[in-house]
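Report on the structure given below.
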Amino acid sequence: MTRHLYVHLPFCAHRCGYCDFVTVLGRAEQHGAYVDALLAELALERELLAPELETVFLGGGTPTFTEPAALERLLRALPAAQEVTVEANPETLTQELARTLRRLGVNRVSLGVQSFRPHLLATLERVAQPDTVRRAFYHLRDAGFDNISFDLIYGIPGQSAADLEADLGDALELEPEHLSCYELEAKPGTRFTHAHGDELALQADAMESYFELVVEQLTSAGYRWYETANFCRTPGTEDGRDLRSRHNLAYWLGRDYLGLGIGAVSTNEGRRWRNTPRLPAYLAALADRRRPERELEPLPLDVRQRERVMLGLRLDEPLLVDGLGDVLDGAALERLERLGLVDRADATLALTPRGRMLGGGVTADLLA
Amino acid sequence: MTQDRIRNFSIIAHIDHGKSTLADRILELTHAVASRDMRAQVLDSMELERERGITIKAQAVRVEWKGHQLNLIDTPGHVDFTYEVSRSLQACEGALLVVDAAQGTQAQTLANAYLAIENELEIVPVVNKIDLPQADPEAAAAEIADLIGDSPDHVLRISAKTGQGVEEVLDAIVERVPPPSGAADAPARALIFDSSYDQYRGVVAFVRVVDGTFSTREPLRAMALGTRFEAEELGFFSPTRSPMRTLEAGEVGYVITGLKDVSRLRVGDTLTSQTRPAAEPLPGYKDVKPMVFAGLFPTDSDDYPELRDALEKLKLNDAALFYEPETSQALGFGFRCGFLGLLHMEIVRERLEREFDLDLLVTAPNVAYRVKPPVGDWVEVHTPADMPNEVEEVEEPYIKASIIVPKEFVGAVMELNNDRRGRFDQLEYLSEERVHLTYELPLAEIVLDYYDQLKSRTRGYASFDYDVTGFRPGKLVRVDVLVAGEPVDALSLVIHRDSAYDRGRLLVERLQKEIPRQQFDVAIQAAIGARVIARETVKARRKDVLAKCYGGDITRKRKLLEQQKAGKKRMKQVGMVEVPQEAFLAVLNLDAEKK
């Protein structure tokens with residue numbers, strides 16, 4: 001029984017060049033049908049869900065681009081949860097929508113800021129301007145949101161270290177509860193890589209220090225670096241509230257989750273499946289109350305253990321290694337400890353700050 | 001057949017002068033092979049040989065011509081295989097010396113002709129490719145006649161391609177090559193001049209019977225090693241296998257030994273009968289020692305047993321190949337192999353990879369050194385890493401290089417040889433246009449890229465051959481490479497003192513580019529003894545992390561991590577440093593970079 005529900009809302013006004021998520025442009029006339037399909041899928045999988053949910057997460061796409069009536073219908077129909085997050089693009093976030101979301105039980109918003117520099121926003125093909133971001137933020141605050149997260153991207157073609165410092169500074173000035181900072185991934189085959197790949201390769205060396213810069217600037221501003229790319233304000237400054245993303249923590253702690261919608265992934269009792277990314281096929285199947293076409297992936301024990309290590313080491317809290325001995329390379333562990341990249345205690349393992357900077361390679365080394 | 005009706009001969013030629021085509025034509029003309037079954041160049045049985053246009057292994061084929069039995073013993077045609085040529089020549093009474101009518105005498109023509117003369121063979125000179133538009137048969141005939149002290153009128157002019165003149169070649173073999181003259185009634189003796197391994201029948205020896213008669217099922221003994229076996233089958237190739245009841249004095253053929261252990265029958269040994277053994281073995285072949293050495297390591301260390309088996313099998317077909325187990329800290333378990341030369345090394349490596357499907361890492365080649373330590377006797381060193389720190393004297397092998405080149409390139413060749421510590425010996429005009437240069441050079445100076453340099457500086461016109469002349473003292477030092485403070489045995493090199501600094505610097509610069517950034521700073525140093533002569537640093541990585549990882553990404557990220565893991569596995573671990581295999585080849589290309 002899973003206590004975590006993900007709902008994918010794929011619609012976007014524009015597909016940004018760097019994006020490789022499952023997205024669908026426009027199609028306002030299909031938003032209603034899509035929500036019907038989501039609810040039909042939810043009905044089919046209902047028995048996988050615990051009576052009380054911990055988290056619901058609406059991701060996209062641009063969830064807030066969904067037709068307001070359809071979005072509202074969806075939010076009303078979804079089961080309640082302790083943490084309900086919606087991803088939003090600043091330009092879609094009106095005062096009215098902010099109030100509606102709040103009224104319908106959403107208590108956390110993840111805002112796709114990406115940058116506060118106009119030239120970088122242009123490179124990323126983002127519609128929002130820096131002031132659009134600020135307005136959206138205050139709309140949310142005004143509507144009563146006390147848990148707002150920013151997505152920031154660094155390593156953008158043409159981004160100087162000073163640009164990055166200024167972006168972080170602008171973000172901190174607004175005092176969001178949570179920040180996700182991602183390095184731009186120029187994924188092969190995307191339009192963006194085609195246009196900017198060579199430039200990015202040339203800048204790769206210069207940008208190598210950006211991750212350190214992000215971590216230093218945010219931690220010295222009092223944020224907790226609780227996951228490789230995620231930061232939250234510390235309990236001391238927030239009346240003891242734990243502001244980590246509870247939904248995402250579920251992934252990193254290896255819990256089961258149910259995903260609804262096109263391209264959505266679920267993991268349940270040693271099996272993982274991914275829904276078809278094709279909208280027409282998804283709609284057609286659920287119109288017939290059939291499960292959509294799915295890609296199934298069995299997760300044998302050793303794979304689950306590997307994932308446990310891979311995900312667990314992204315967190316700042318030590319990983320309990322009890323029972324994971326078979327997938328760990330003892331010699332590598334010792335070497336990495338000597339290099340000051342891994343800290344080992346009785347039954348736990350954690351990466352040191354430098355180890356976290358090198359987390360990919362370190363984890364690859366650690367896995368037997 | 002009585003011995004006076006037998007003729008045993010070889011064809012010797014510079015590479016590409018038409019030896020294999022002539023052999024094919026002879027087989028066709030004597031009906032040993034029907035033209036429709038003719039696969040171009042039947043004697044070059046190995047795939048590799050056909051591709052490279054050179055013959056690696058000697059084989060023998062028997063044909064009939066005007067009531068005579070002719071045994072054609074094929075010989076390899078490259079500079080590295082002088083030893084194999086000499087073995088084959090010893091089984092013959094005569095040799096066809098083939099020269100290309102357009103190219104004239106080349107370096108290997110000289111080398112092979114001298115070998116044939118040393119073996120007291122009757123030489124039948126042949127100018128081939130007279131059908132070519134640029135052919136100058138008269139000039140070529142004059143050169144070849146001059147070389148062997150014969151009259152130009154005695155030189156045959158043929159085109160092996162069209163068949164023109166080939167019958168006359170066969171007639172000349174019958175007329176000019178003397179018949180064998182062994183003692184037909186004496187205790188049987190046969191010379192093993194080659195061998196191959198058949199996976200069903202074991203070791204197959206190619207033999208030239210000198211005295212007496214060998215019979216099927218007869219118990220035999222290899223005199224040097226004392227190996228005993230029964231002749232399971234005797235016969236000859238025509239060119240397919242034709243079993244016979246006996247092989248008699250003067251004849252050439254094969255013996256199927258049934259031996260499964262390839263090391264028990266040495267090429268060069270003498271076979272005799274166990275029941276009526278000969279008192280003395282035939283005069284042995286010259287025991288050629290390998291002079292070029294390199295480490296061969298399986299890319300995947302699990303393949304070590306396969307590599308060992310493969311070398312064992314190659315060794316049977318290749319008496320000149322030497323190998324012994326070697327353990328490198330950096331590369332793990334492998335073999336230190338000795339070769340006659342660079343081409344020999346290249347062929348062995350290709351055969352291992354192609355015929356045995358092995359993935360190999362070959363270290364930079366080096367030569368054999370003779371070292372006198374402060375205490376104790378001279379020792380021979382095959383690996384730079386084995387060179388002691390303290391030495392009283394070091395000697396390195398020298399060669400006499402023979403280079404034939406059009407006169408306008410003499411300057412370029414001299415410059416190259418001077419760069420390579422060469423000592424000029426002699427310059428001689430073969431004709432108005434062509435010059436024969438001889439130089440003395442340290443073998444170490446030619447093992448890396450000398451041949452490529454020679455070819456590129458003479459626009460491909462130079463032909464080159466060499467003979468190892470012996471060891472001489474040299475001012476040599478061992479340069480070690482340290483990666484993160486750990487000496488990397490596989491990267492050590494022995495080098496002339498004067499070039500140590502330059503090479504050391506180039507090597508660390510190259511390695512800095514080849515070694516990927518690690519989780520810590522990595523110092524790369526070149527040192528002579530305790531003295532560091534060059535240093536570079538590979539700076540530590542500052543980030544190595546997959547930015548995002550949420551529910552939908554987990555499978556993909558896990559696969560990326562597995563790929564990263566697999567990439568690391570392909571690296572060799574030197575202490576704590578992961579070094580890609582390519583880095584170990586950095587030493588190979590230093591000169592290319594310098595130029």
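For the reader, a short list of remarks on this structure follows.
- Scanning region B:166-185 for residues that are modelled with pLDDT of 95 or more and either over 24 Å from residue B:123 (Cα atoms) or in a loop (DSSP other than H, G, I, E, B) (or both) yields a count of 4.
- Residue within region A:155-170 that is touching a residue at least 12 places away in the same chain (Cβ under 8 Å), under 20 Å from residue A:12 (Cβ atoms) and open to solvent by less than 50 Å² (accessible area, probe 1.4 Å) present: yes
- In region A:201-215, the residues that are open to solvent by 20 Å² or more (accessible area, probe 1.4 Å) and among the aliphatic types (A, V, I, L, M): A:201, A:202, A:204, A:206, A:213
- Test: residue in region A:82-93 that is buried (at least 22 other Cβ atoms within 10 Å of the Cβ) and hydroxyl-bearing (Ser, Thr, Tyr): yes
- Any hit, region B:396-413, residues being of a type in the set (D, E, K, R), more than 26 Å from the chain's Cα centre (by Cα) and assigned to a loop (DSSP other than H, G, I, E, B): no
- Residue match in region A:105-124 (condition: within 22 Å of residue A:233 (Cβ to Cβ), free of Cβ contacts under 8 Å to residues at least 60 places away in the same chain and assigned to a helix (DSSP H, G or I)): no
- Selected residue (criterion: nearest to the chain's Cα centre (by Cα)) from residues of region A:261-270 that are within 12 Å of chain B (Cβ to nearest Cβ) and surrounded by fewer than 22 Cβ atoms within 10 Å (Cβ to Cβ): A:263
To keep it simple, each residue is scored yes or no on (1) over 23 Å from residue B:6 (Cα atoms); (2) surrounded by fewer than 20 Cβ atoms within 10 Å (Cβ to Cβ).
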site	(1), (2)
B:222	yes, no
B:227	yes, yes
B:243	no, yes
B:252	no, no
B:258	yes, yes
B:294	yes, no
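- Here residue A:110 fulfils each of the conditions (1) surrounded by fewer than 23 Cβ atoms within 10 Å (Cβ to Cβ); (2) at pLDDT 95 or above; (3) closer than 23 Å to residue A:67 by Cβ; (4) hydroxyl-bearing (Ser, Thr, Tyr) apart from (1).
- Considering region A:319-344, the residues that are open to solvent by 20 Å² or more (accessible area, probe 1.4 Å) and within 24 Å of residue A:249 (Cβ to Cβ) include one that is nearest to the chain's Cα centre (by Cα), namely A:320.
- Matching residues in region B:433-453 - criterion: being modelled with pLDDT under 90 and under 24 Å from residue B:16 (Cβ atoms): B:433, B:434, B:446, B:447, B:449, B:450, B:451, B:452, B:453
- Number of the exception - residue B:379 against (1) farther than 22 Å from residue B:469 by Cβ; (2) surrounded by fewer than 18 Cβ atoms within 10 Å (Cβ to Cβ): (1)
- Residue among A:87, A:83, A:54 that alone is in a strand (DSSP E or B), modelled with pLDDT of 95 or more and within 30 Å of residue A:194 (Cα to Cα): A:87
- Tally, over region A:57-79, of residues that are small (Gly, Ala, Ser) and assigned to a helix (DSSP H, G or I): 3
- Among the residues of region B:154-164, at least one is surrounded by 22 or more Cβ atoms within 10 Å (Cβ to Cβ) and in contact with a Pro (Cβ under 9 Å, 6 or more places away or on another chain).
- Residue within region A:323-332 that is over 25 Å from residue B:571 (Cα atoms), outside any loop (DSSP other than H, G, I, E, B) and more than 10 Å from chain B (Cβ to nearest Cβ) present: no
- The single residue among B:128, B:112 that is open to solvent by 10 Å² or more (accessible area, probe 1.4 Å) and under 26 Å from the mean Cα position of the chain (by Cα) turns out to be B:112.
Conditions tested, residue by residue: (1) part of a helix (DSSP H, G or I); (2) closer than 30 Å to residue A:174 by Cβ; (3) open to solvent by less than 40 Å² (accessible area, probe 1.4 Å); (4) within 14 Å of chain B (Cβ to nearest Cβ).
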| residue | (1), (2), (3), (4) |
| --- | --- |
| A:217 | yes, yes, no, no |
| A:226 | no, yes, yes, yes |
| A:231 | no, yes, yes, yes |
| A:259 | no, no, yes, yes |
| A:272 | no, no, yes, yes |
| A:280 | yes, no, no, no |
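- Of the candidates A:221, A:287, the single residue that is open to solvent by 20 Å² or more (accessible area, probe 1.4 Å), touching a residue at least 60 places away in the same chain (Cβ under 8 Å) and not charged (D, E, K, R) is A:287.
- For region A:189-201, the criterion of a residue being under 28 Å from residue A:354 (Cβ atoms) and within 14 Å of chain B (Cβ to nearest Cβ) is satisfied by at least one position.
- Some residue of region B:490-504 being in contact with an Asp or Glu (Cβ under 6 Å, 6 or more places away or on another chain) and away from chain A (no Cβ under 14 Å): yes
- Of all residues making up region B:433-458, the number that are outside any helix (DSSP H, G or I) and without any contact (Cβ under 8 Å) to a residue 40 or more places away in the chain: 5
- Remark: residue B:290 falls outside the filter, which requires a residue to be at pLDDT below 90 and either over 30 Å from the mean Cα position of the chain (by Cα) or more than 20 Å from residue B:87 (Cα to Cα) (or both).
- Lone unmet requirement of (1) farther than 26 Å from residue A:247 by Cβ; (2) within 9 Å of chain B (Cβ to nearest Cβ) for residue A:303: (1)
- Here residue B:16 fits the description: open to solvent by 40 Å² or more (accessible area, probe 1.4 Å), in a loop (DSSP other than H, G, I, E, B) and modelled with pLDDT under 85.
- Which listed residue is open to solvent by less than 40 Å² (accessible area, probe 1.4 Å) and touching a residue at least 24 places away in the same chain (Cβ under 8 Å), from A:77, A:70: A:70
- Qualifying residue in region A:177-186 (condition: within 12 Å of chain B (Cβ to nearest Cβ), open to solvent by 20 Å² or more (accessible area, probe 1.4 Å), in a helix (DSSP H, G or I) and over 16 Å from residue A:150 (Cα atoms)): no
- Neighbours by Cβ (under 9 Å, 6+ apart or cross-chain): first from region A:350-368, more than 9 Å from chain B (Cβ to nearest Cβ) and in a loop (DSSP other than H, G, I, E, B); second open to solvent by less than 20 Å² (accessible area, probe 1.4 Å) and aliphatic (A, V, I, L, M): A:352/A:341; A:352/A:342; A:368/A:327; A:368/A:332
- Here is the figure for region B:519-531: residues that are more than 10 Å from residue B:483 (Cβ to Cβ) and touching a residue at least 12 places away in the same chain (Cβ under 8 Å) total 7.
The values are calculated or read from the model by the stated rules, or taken from the named source; none is laboratory data. For clarity, every value in this text was computed on a predicted model and none was experimentally measured. All Cβ positions, even for glycine, are placed from backbone atoms using ideal geometry, and neighbour counts span all protein chains on display. Ligands, DNA and RNA are stripped out before the accessible areas are found, and what is left, the full protein with its side chains, is counted by its heavy atoms. Shrake-Rupley method; radii C 1.70, N 1.55, O 1.52, S 1.80 Å.
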